[in-house]
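Asker: Sharing a structure here in structure tokens format.
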């Protein structure tokens, strides 16, 4: 959040600074809310900080920028100068960018080579001089587009990965539910009418089930022997 | 109790479960309460029924418990009474009475306890006494069966728990009277085995069933217990009652009481711990109701069974595979009505320290543990076994 003596929150030059969800509030308003420790920075300081951040970003992605070498060198030189605190020429002779409509759709994610004026004569006949800040704005726009595209791809990749996991889990749950349903039906059948020929090993597949089956068989044999003994005595 | 469920047992779901009242200290039949859960099973008032009802029966010297596949569980004192003369017939009706009703009207009834020391008493009797005791056993078992509320025409398959040292003759007698009581197919198991089955303690465990007539100790090693795996101690609930009575008579000769009053007092205040509540009962003294503190009498009498139990455990452990003695000592399950004695688990654990220590576990619902295990066994027994026994 930036605290500033904001008098016109809708001013065009500031609206872009509010895109990330931050907000500008009058200092008096903050003080009325009990916030006494407020660090004030001027609009120019803020602009400078943004430009420094942009310069760092340009240096970081300089090798990936598909710009004509002189253009890239000029940008890098300006970025270094800004970070070093050296004075920067407010304007420079550069060739204007081609209209966006002329750009190849297939190359959209990449920065178009933007012809900048070299000390030598420009190879482009349509070259004309224009403000270098306009070029920076275009670069910001392109960088933003690339970043947002990369972010969307990241997001899509993450979603695909999660979807795969979810699909696998749903498949597993489905197969487990089917198995549970089958077991419940067998158990119900066993409880209401213990089935002849029903695979008891299926009902009690564990070690305990094995012991139980063995014990039940022994118990049955013992009780059968009791009856046979009784029948023998009666006979 | 859930009256709503009782009025319409099929309303909420699939299975009718009838729980005995949690108050298990009185020796009378427990009024069941009903919860509705699971698949619908009709009670005896309905005409539709499943083909077979499975029941588990713990035929005890003092009380008999039944658990049924329709969810019913019930308890009844193992006593039968018939009107002793024309006057009592006129007052009470010409019918056999059971449980608490017998105790209530005992002066007007010819009373018979058909079980003694956990076994059917008639096998040791002769002549008319034998016939009378056998008839009482048959009628008691038929009554226990009826408590399970089988539907008309429904076959009843029962597993009946017998004392661990019951003789073959006694087991045969149980089968005979079960058939006479209208049970279609019956299987006899040792009572501790049934308790073990209910808690799945089928190997490397010792199960102790503390009843009125006997304390049965049974070692489970994954096979059907043999004589070597079982010990019966003939100092159980009834023994404790007599010991309390003996001490009370000696300490308070003027107090008037019966053994049944002692039994109730013991179950209300059973304790073998020093910090338990005082056991104060109201017994008549020269006809005047008087409060009597019987704490010491109860404690001394109950403590008499602990050494017997510990010695039985020692014997079963010492003759077990040395490699598994530690494990079997750590799995000592205690069930039966006597296991409700407050502090008993701690007392047995304390006693076991002298033989190397161990872990004593009280089973849930100790009074129904044997019946529950018998029912579980009945339900899991393959159908072909039941059919073969039915036709044998």
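Asker: Residue A:132 fails exactly one of the following numbered conditions: (1) within 13 Å of chain B (Cβ to nearest Cβ); (2) surrounded by 12 or more Cβ atoms within 10 Å (Cβ to Cβ); (3) touching a helix residue (DSSP H, G or I) at 6+ places or on another chain (Cβ under 8 Å); (4) at pLDDT below 70. What is the number of that condition?
Answerer: It fails just one condition, (1).
Asker: Moving on to the next point. Could you tell me whether segment B:130-139 includes any residue that is assigned by TED's automatic domain parsing to the domain that holds residue B:62 and within 14 Å of residue B:58 (Cα to Cα)?
Answerer: Taking every residue of segment B:130-139 in turn, at least one turns out to be assigned by TED's automatic domain parsing to the domain that holds residue B:62 and within 14 Å of residue B:58 (Cα to Cα).
Asker: Pick out the one residue from B:22, B:64, B:33, B:88 that is part of a loop (DSSP other than H, G, I, E, B) and either in the same structural domain as residue B:381 (by TED's automatic domain parsing) or at pLDDT below 90 (or both).
Answerer: Step by step, each of B:22, B:64, B:33, B:88 is checked, and only B:22 is part of a loop (DSSP other than H, G, I, E, B) and either in the same structural domain as residue B:381 (by TED's automatic domain parsing) or at pLDDT below 90 (or both).
Asker: Moving to a separate point now. Hey, any hits in segment B:201-214 for a residue that's within 10 Å of another protein chain (Cβ to nearest Cβ) and crowded, with 24+ Cβ neighbours inside 10 Å?
Answerer: No, segment B:201-214 contains no residue that is within 10 Å of another protein chain (Cβ to nearest Cβ) and crowded, with 24+ Cβ neighbours inside 10 Å.
Asker: If you don't mind, there's one more thing I want to ask. Just checking: which of the helices (runs of 4 or more DSSP H) contained wholly in segment B:166-276 hold 1 or more residues that are modelled with pLDDT under 85 and closer than 20 Å to residue B:313 by Cβ?
Answerer: Helices (runs of 4 or more DSSP H) meeting the threshold: B:237-251.
Asker: Limited to segment B:140-169, what total is found for residues that are closer than 24 Å to residue A:229 by Cα, out of contact with any strand residue (DSSP E or B) (no Cβ under 9 Å at 6 or more places or on another chain) and either touching a residue at least 12 places away in the same chain (Cβ under 8 Å) or not assigned by TED's automatic domain parsing to the domain that holds residue B:72 (or both)?
Answerer: 1
Asker: Now for a separate question. Tell me, which residue of segment B:170-191 that is touching a strand residue (DSSP E or B) at 6+ places or on another chain (Cβ under 9 Å) and without any contact (Cβ under 8 Å) to a residue 40 or more places away in the chain is surrounded by the fewest Cβ atoms within 10 Å (Cβ to Cβ)?
Answerer: Filtering segment B:170-191 for residues that are touching a strand residue (DSSP E or B) at 6+ places or on another chain (Cβ under 9 Å) and without any contact (Cβ under 8 Å) to a residue 40 or more places away in the chain, the one surrounded by the fewest Cβ atoms within 10 Å (Cβ to Cβ) comes out as B:179.
Asker: Residue under question is residue B:102, and the condition is that it be assigned by TED's automatic domain parsing to the domain that holds residue B:139, closer than 19 Å to residue B:122 by Cβ, in a helix (DSSP H, G or I) and within 22 Å of the chain's Cα centre (by Cα); does it hold?
Answerer: It is true that residue B:102 is assigned by TED's automatic domain parsing to the domain that holds residue B:139, closer than 19 Å to residue B:122 by Cβ, in a helix (DSSP H, G or I) and within 22 Å of the chain's Cα centre (by Cα).
The values are calculated or read from the model by the stated rules, or taken from the named source; none is laboratory data. Fair warning: this is a prediction, and the values are worked out from it, not measured in the lab. Note that each Cβ is placed from the backbone with ideal geometry, even for glycine, and that neighbours are counted across all protein chains shown.
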